[in-house]
Each structure stands twice: as structure tokens, then as C-alpha cells.
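Nothing in this text is a laboratory measurement; each read-out follows from the coordinates by a stated rule. Bear in mind the structure is a predicted one, so any value in this text is a computation, not a measurement. Cβ sites come from the backbone with ideal geometry, for glycine too, and all protein chains shown count toward neighbours.
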Amino acid sequence: MSMIIAESLTKQFSRESRPAVDAVSFTVEPGELIVLLGPSGCGKTTLLKMINRLYEPTGGTLLIDGVDARSLPVTQLRRRIGYAIQQTGLFPHLRVEQNIAVVPQLLGWARPRIEARTNELLDLVGLPCDFRGRYPHQLSGGQQQRVGLARALAADPAIMLMDEPFGALDAITRSRLQDELLGIQRKLHKTILFVTHDIEEALRLADRIIVMNDGRIAQFDTPLAILTCPSNRFVEQLTGANDVLRRLSLLTVAAALGHGRRSAAAAGAVADLPPLRPQDDLRFALTQLLGAGESSLPVIDDGREVGQLTLADLRAILPQTIAAVGASQDGCNVAGAAPQT
Amino acid sequence: MFELFRTSYAYYLANQDRFWMELGRHVVLSGSALAISLIVCIPLGIWAARHPASAQYVINAVGALRLIPSLAILFLALPYLGTGFGPALIALTILALPPVLINVYAGILGVERAVVEAAQAMGMTARQQLLQIELPLALPAIIAGVRTATVEVVSSATLAAFIGGGGLGIFVTRGFALFEPRIMLVGAIPVAVLALICELILGLLERWASPHRQGRAS
């Protein structure tokens, strides 16, 4: 696990009038999944590439586990940081197993250890073992992206940088890979910086989101806080903060049950109603409610009914978030927001 | 026609020693020219791919060499370099340079940007990137360049005989001087066969160098 601290990190490309990343400061805690979100050209990829020094910062400092990133030999730094990108960057002339083995080989691992690790990784990213001998072009886009993920994880780096890794995939494959990334993250607790311009993806994956605009951080906060307390007009528009459905998607059934008056365990719950689970999100719950045409649905946990979710419960939880949006900024705990100009 | 081949073959049988000596010379001459062009072009092509802005001039200059007919190169070399094996070698090397250089350059530049960036981000040194990623990926293109150059050099080496460079061209010039087509054929047919064999071998080599492209439509 690894902590990343940036202090007025700046990148000024020589031919441009304005810095691509302008004195950005933030702290990423170990094991956090941070999404860098913003429109194209906002500097999110540039910021990401400064972490492993594909771009050398022109100003500021970057501390990784308290060590200045510039003080390390660049190849050594990069071998400790996983890297996955949209175009996969898989080496087309190397087989899947050779692609995965690149960093372990650079680190001088013994053959049997690499073997074992490759098997472990293929399993982790959900690829069958007989894929090891294939060339990248023999795989589908989703499979290539899985290999890219396995390659980035190969030497068990504490930090992972991911640049729109699922950007080129179809919606179904993308959402499946997002789930698997979350599953992997629950197991491995990497410190992940994940670039995307897709707000849904950001809300789904992030522990915290860095919203970027014009090379600066517009807001750095949890997904819910960003939706309920956007720090300015830009964040509000980018994230569609006034989108009720989007906000519902960040809340769970369990939370809504807690808020509304506890429904008495309804006698004789109708068996053919689609049940809800406490961990389902409220957007899903609303869909189920409207779809079933009922005013309430049973919530089942471990085969036991724990309550009834009603439309009133949803209505009850919404005003809080809506009120928060309308409230003055001091009502919001907006950590790491850039000063408003 | 058949009669011509028969008398040609008879001439070959009568001059076997000379034939094999000139064939050997032809091969050595062509092979040396290709080897030198590779030694020059691989580093130069890599440098050019690293500095595409300034490399444009070098590439264009070398490309312009292509426009000079091979016979002209041989005769232009004559006053400065004299006659014999050396000048013929230089002239043939000049002939081989453009296709090899341009393909090394294009091969390296053609490696996908994301792939190079990934190699960098994995923590490869510049040397590892070149040897493990860029050159292997450029290899099919480089071999294609060598293939073009080889066919050109093997056939043009026939002209070396005009400036005393030897090779199978000896039989062509002799047959020409004596108005004896049968002697010309003793030079011309083996040159064609030799070029064809080189073409085939390098074609196979090119396939071998790109296992990852097999099964692809292109």
C-alpha cells in the first residue's frame, strides 16, 4: 500500500501557453481507488503520466511513500507502478504469458516464480489458462484489456495507474470489467489512479473522485459528496448533480430503509414480487418498484425479510440530498477543492 | 530455342571452373554490398526514427540515390575509383542503401505509439525498449527492405563485369561482344535464378519474423 502526495505539481509543455497541469496538490491514501474525471484536455492524463514520470513535472513535488519520485531511477520507479491504458499497449509480438511476464523479468524473478504468478494472474482476471500461448490479436478487446490488467498487476505493484482502460469496450464488457476491477480491488487493496471522462464509470468505481478542469482540481471528494455538493457550476454540469436517478444510484436500499419509518414486516408478502437486497442501489430499487407496479417491495437479506421498501422511503431520503445541493457551500465538506476564482 | 539452351549448356560444361568462380564472386559481391548496407542503415535508420524532423533530409537524400540508374552509378564511379571489385562493391552498396534505410526507418516509426509507451511505463531502459520491442516489431519491415535491395543488387551485380568487378556478368558481356547469345544465357539465367531464390528465402524469413501477424487478414 502506498501513499501519494502531490504538492503544486505542474506540467508546462514547451509549446503551449498554459500549463497542462497547474500547481495541483492532493493526497491519496493507501488502498484508495481515485478516479480522475474531467473533459478531454483537462489535464487528467498528463497528471497521471507524471506519477510514473512518463512526463517529467516542470514544477512541484511528488512524494510516493514519503520519497520524492525524482530521487529514484526512473526505470526502478516504473517497475513498482502498474500501468494499464485504453489501447492496451500489449506487445503484439509476444504471447500472453510473455506480455504478463515483462515486469517480473525486468525485476529478475526466477522462471518458476513467474510461471506461478502468471497462472495466478490469469485466474484473477478471469482468463482460462490455455490463453497463455495466444498472441494479443487473437483475443477480443475485453480479453486484451484483461491481459493488460494482469500485466499491470504482474509484479504486485502497490500503485496502479489506469488511463481509460475500458474506454474502447462495448457497454456490457465495460461494466463486467468494472465489476471485476472492483472485486480485484477488494482483494488486493491497491492504490489506484483511474482516468476516465465517463461520469457513470467514475461514480461506480471511485472511493474518491478528482474532478479536473483546465489543469486544476475543481473538486476532490467522494462520489456522493460530488453529486450532492458540487463545488461550482462546472462540477455540477459535468456530473449532472441535479440528476435524481444518478443520486439514487449511489444510495443503497439499506440506507433508505434506515431513513423512512420502518415498515412493519408486511404480513403475507406476495411471493412473486421481485425481492430487493439491502446492498442494491436505489435506482435499481425504483426501477423494480415501478416495474412491479407496487407501492412497496420486500427487502430480503439472507433469505429473511428485513423490511419493505416503499416509494415513500425513496421520497424521504431524497430531500436530504436535494437540500444539500441547494444549501450554501459551508454546508458541504468540500475537501481539496480549488479556490474559486 | 531448345537448340540455344543446349548449346548454352554445352558452353557451361566446357567452362565449369570459370562459371563457379564467377558465380561465387557474384554472390560475394552482392552479399558484401547488402551486409555493408545493413551495417550502415540499421543504426542510421534507428537514429532517423528517433529524430524524424532532421532525419527527413537524410531520408530524402538517400531516397534520391534511387533515381540514379545503376549502370550510371557504375560508370560515374569509374573515373574516381577505377576498376575492379572495390568500385563495383561501392556502387552496389549505394544501390542497396535506400530500400534498407527507408524500411528500417519506417519499421521503427511504425511501432504503435501505445506499445512504445507501455514498454517505457513497464520500466524498460531505452536499450531494452529497442532490442526487445522496437527492433523485433520492425523486423518484418526491415527484412522486406533487404528483400527489395537483394533482388536489385543481385541483378545489378551483373553490370559489375563492365567495370572489371567480375561476377556472372562476365558471360553476358562476353556473349554480347562475340554476338553469342548462348554465352549470354550462361550468365543471365543463373542471375535470374539466384534473384528468385533470394526472394523466396527472404520471403520465408519475413513470415517467420512476424508470427503475431499470421492469421490476420492483411
For the range A:196-213, take each phi angle, set θ = phi - 60°, evaluate the Karplus expression 6.51 cos²θ - 1.76 cosθ + 1.60, and give the result in whole Hz per residue in order, putting x for glycine and proline. 7, 10, 9, 4, 4, 4, 4, 5, 6, 9, 6, 6, 9, 10, 9, 8, 10, 8
Based on other C-beta atoms within 10 Å, arrange B:SER70, B:SER156, A:SER14 from fewest to most. A:SER14, B:SER70, B:SER156
Going toward the positive end of the dipole of the protein assembly as shown, with +1 on Lys and Arg Cβ and -1 on Asp and Glu Cβ, which of A:VAL96, A:VAL125, A:VAL195 do you reach last? A:VAL96
For the range A:243-248, Karplus-derived ³J(HN,Hα) couplings (6.51, -1.76, 1.60; θ = phi - 60°; whole Hz; x for glycine and proline) come out as 7, 4, 4, 4, 5, 4
Could you put B:VAL62, A:VAL103, B:VAL151, A:VAL67 in order, starting from the residue whose Cβ has the fewest other Cβ atoms within 10 Å? A:VAL67, B:VAL151, B:VAL62, A:VAL103
Among the aspartates and glutamates, select those whose C-alpha is under 16 Å from the C-alpha of A:LYS11, and discard any that sit fewer than 8 residues away in the same chain. A:ASP22, A:GLU56, A:ASP214
What are the ³J(HN,Hα) values, in whole Hz, obtained from phi via the Karplus relation 6.51 cos²θ - 1.76 cosθ + 1.60 with θ = phi - 60°, for each residue of the range A:85-100 in sequence order, with x given for Gly and Pro? 10, 4, 7, 6, x, 5, 7, x, 8, 10, 5, 3, 5, 5, 4, 5
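Pick out, in residue order, every one of the chymotrypsin sites (Phe, Trp or Tyr not before Pro) in the range B:120-217 that is DSSP loop and has at most 10 other C-beta atoms within 10 Å; say none if there are none.
B:PHE179
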Can you grab the distance from the C-alpha centre of the range B:28-46 to the C-alpha centre of the range A:211-225, Å, no decimals? 56 Å
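Work out the length of the dipole vector of the protein assembly as shown about its Cα centre, built from +1 on the beta-carbon of each Lys and Arg and -1 on the beta-carbon of each Asp and Glu, and round it to the nearest 20 debye. Let's see the in-between values first.
Numbers: 48 positive and 46 negative charges, 262 e Å.
With only Lys, Arg, Asp and Glu charged at Cβ, the dipole is about 1260 debye.
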Mind checking the dipole of the range B:13-212: about its Cα centre, +1 per Lys or Arg Cβ, -1 per Asp or Glu Cβ, Debye to the nearest 20? 140 debye
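So for B:TYR80, B:TYR12, fewest C-beta neighbours within 10 Å to most, what's the order? Before the final figure, lay out the partial values.
Working: B:TYR80 8, B:TYR12 19.
Lowest to highest Cβ neighbour count: B:TYR80, B:TYR12.
Helix-only estimate, please: 222 nm mean residue ellipticity of chain B, summing -39500 (n - 2.57) across DSSP H runs of length 4 or more and dividing by its residues, to the nearest 500.
Numbers: 9 runs with 168 residues, N = 218.
Estimated from H runs of four or more residues: -26000 deg cm²/dmol.
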Lysines with Cα under 18 Å of A:LYS190, excluding same-chain neighbours fewer than 8 positions away: A:LYS49
Cα centroid distance between the range A:7-82 and the range A:166-206, in Å? 21 Å
Below 8 Å between Cα atoms, with a sequence gap of 6+, how large is the relative contact order for chain A in percent? 18 percent
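For chain A, what does the alpha-carbon gyration tensor say about shape, rounded, prolate or oblate, given a ≥ b ≥ c as the root eigenvalues, a/c under 1.5 as rounded, and a/b over b/c as prolate?
Details: a/c = 2.42, a/b = 1.35, b/c = 1.80.
Verdict is oblate for chain A.
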